[in-house]
């Protein structure tokens, strides 16, 4: 109808209201004071203690959003549903951002890992945490930092999820754009690559490749993760 109106074939009534665009609102980022971008180039040991600060609805959330918006190639989008946001600090300065969401509904590679179709464990999808964003700010050059943070996350995230959402996590997963990254830090942190996506994206309506291939990396948080996910509701 709108196309016909714009082409002059019909005349639509004047627009009465303009509802908010939630997709754009979820990407809106508040300005923050200038951040110290002095280069940090040293060993992990020299960097000193790291603080993994949860910033969901807490101090540091605006800095978290700003850094992802400014420096992550996918930008920032406000998560919905169950999620955690970690702002990593060293020497009092933010050096990394890590975002986690509940796992996607359908993943054939994950089904093969679990050994069952997704509908048989759909009631436990909230027990899977998906690493939706991972950023180490570009002025930080610290060898092994990325894999070290992934290992720290694996030890901490289930307890943090339990405290906020009253259930633990049994499987971590992340898609890595194979045209941009090799997944080296995931491999170094003992994650496992299950294979590659078909390059069609989650919203594709055709069988044609329309996006880059993504490697699916996973990290079980327990030897019995399969039995946990397949347990009755």
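Observations on the model:
- Sorted fewest first by neighbouring Cβ atoms within 10 angstrom, 219, 71, 186 come out as 71, 219, 186.
- Annotation for the range 111-142 versus the range 66-108: alpha-carbon center distance of 13 Å.
- Relative exposure of 97, 193, 185, judged by other C-beta atoms within 10 Å (fewest first): 193, 185, 97
- Calculated FRET efficiency for the pair residue 212/residue 10, C-beta based, R₀ 45 Å, to 0.05: 0.65
- Exposure proxy shown here: for 153, 42, the number of other Cβ atoms within 10 Å sets the order, fewest to most, as 42, 153.
Read-outs: derived from the displayed coordinates by stated rules, not from any lab. Treat the numbers as computed from the prediction; the structure is a model and nothing was measured. Here Cβ is always computed from backbone atoms with ideal geometry, including for glycine, and neighbour counts include all displayed protein chains.
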